[in-house]
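This report refers to the structure that appears directly beneath it.
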Protein chains: 6
Amino acid sequence: MKISARNTIPGTITAIAKGPSTATVKIDVGNGLTVTSTITADAAADLGLKEGDTVTAIIKASDVLIGK
Amino acid sequence: MKISARNTIPGTITAIAKGPSTATVKIDVGNGLTVTSTITADAAADLGLKEGDTVTAIIKASDVLIGK
Amino acid sequence: MKISARNTIPGTITAIAKGPSTATVKIDVGNGLTVTSTITADAAADLGLKEGDTVTAIIKASDVLIGK
Amino acid sequence: MKISARNTIPGTITAIAKGPSTATVKIDVGNGLTVTSTITADAAADLGLKEGDTVTAIIKASDVLIGK
Amino acid sequence: MKISARNTIPGTITAIAKGPSTATVKIDVGNGLTVTSTITADAAADLGLKEGDTVTAIIKASDVLIGK
Amino acid sequence: MKISARNTIPGTITAIAKGPSTATVKIDVGNGLTVTSTITADAAADLGLKEGDTVTAIIKASDVLIGK
């Protein structure tokens, strides 16, 4: 499935912390860069996410702010 | 100013396309990875964004979806 | 690819209006219900979206407000 | 009150799970389609949400991604 | 209709600029504070928005970042 | 750092409630107006947020819905 979000960044899960309703996932996308994602705990279970998984970080262009 | 968003990724503007109301900005964050941001044209003008600028891509953790 | 968003709704594109930077897409998800999506014009071109396409409307649970 | 969001979908709450800070609400919008919303626990209490309630699922068009 | 968003701020439209697909609306919420909203041009027409209108700026708590 | 979000509202933290994964922050922005923000608990700790802090509420224009 191709997706309309303009940022689809492949990476590897390096850490996943599961709270009562949300899960915080750290994704190594290379070059020392880690992307942090918070998703619902339900989603983390549904996708069976675990450390070492190859995943895609998906980010809409309109959700990227710029600081200068 | 420190910001609550969990993803603050430094990079360099490689392209900026200004439409009537939005601007699409391409940010090289290293390792061949480009992050795309769409902001208001007003914001692009206000920040004086141009190619070669060093900027920060700011993304809330809750705006990062995961695909597997 | 399975995705962390909790709402993945299949439907058929019934209309697509392309502006200079955004595209507005109407998706019939059945039962007379139409979901409206605005994506970047680039995304619409990249996915080759056109009327009659079978697509999935993807919505994060945290992006669904409730009115009562 | 009319709202700028382009998706205002009427439905019935079929389930509501309240966590320490968020509530996950399942809304039957007909035709076997269920929309999932996560809102703050405070909002769920403020609106007095409960199973069987008739509510409106409100989604900005720009928060609807498309997969194809 | 009561809404799950935790920020519902009354104000008056002081300016509205309509582009091909989006409209930028300035809302005076008092005390010299102006809130800027970008909505679809369709929404601006649908709500019949014009200068002087009394409106509500609706913002989810999770869409408010904090800088310090 | 200047930021692309069109709403950057200075205020003072009047309350902060920390949950297992999120923190809810109340910001007095003057004139009796309080803005509510939910951020990750990690962010609240990282910024060392506490009552009385002077902070900026940062909101993208596209995250402001309008009701009329």
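The values are calculated or read from the model by the stated rules, or taken from the named source; none is laboratory data. Please read all numbers here as calculations on a predicted model, not as lab measurements. Backbone-built Cβ (ideal geometry, glycine too); neighbour counts: all protein chains shown.
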- Item | Any hit, segment A:5-21, residues being closer than 30 Å to F:THR8 by Cα, at pLDDT below 95 and hydroxyl-bearing (Ser, Thr, Tyr) | yes
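Restricting attention to segment F:39-64, which residues are small (Gly, Ala, Ser), buried (at least 22 other Cβ atoms within 10 Å of the Cβ) and either farther than 14 Å from F:ASN7 by Cα or touching a Phe, Trp or Tyr at 6+ places or on another chain (Cβ under 7 Å) (or both)? Working first, answer last.
Taking segment F:39-64 and keeping what is small (Gly, Ala, Ser), we get F:41, F:43-45, F:48, F:52, F:57, F:61-62.
Okay, now just the ones that are also buried (at least 22 other Cβ atoms within 10 Å of the Cβ), so F:43-44, F:57, F:61-62.
F:ALA43, F:ALA44 - these are the residues of segment F:39-64 that are small (Gly, Ala, Ser), buried (at least 22 other Cβ atoms within 10 Å of the Cβ) and either farther than 14 Å from F:ASN7 by Cα or touching a Phe, Trp or Tyr at 6+ places or on another chain (Cβ under 7 Å) (or both).
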- Message: Anything in segment C:39-68 that is within 7 Å of chain D (Cβ to nearest Cβ), over 16 Å from A:SER62 (Cα atoms) and of a type in the set (A, V, I, L, M, F, W, C)? List them, or say none.
- Response: C:LEU47, C:LEU49, C:VAL55, C:ALA57, C:ALA61, C:VAL64, C:LEU65, C:ILE66
- Note on the structure: When restricted to B:SER4, B:SER37, B:SER21, the only residue over 28 Å from E:ALA17 (Cα atoms) and in contact with a strand residue (DSSP E or B) (Cβ under 6 Å, 6 or more places away or on another chain) is B:SER4
- Message: When the residues of segment C:1-38 are narrowed to those that are within 11 Å of D:GLY67 (Cα to Cα) and buried (at least 17 other Cβ atoms within 10 Å of the Cβ), which ends up farthest from the other protein chains (Cβ to nearest Cβ)?
- Response: C:GLY11
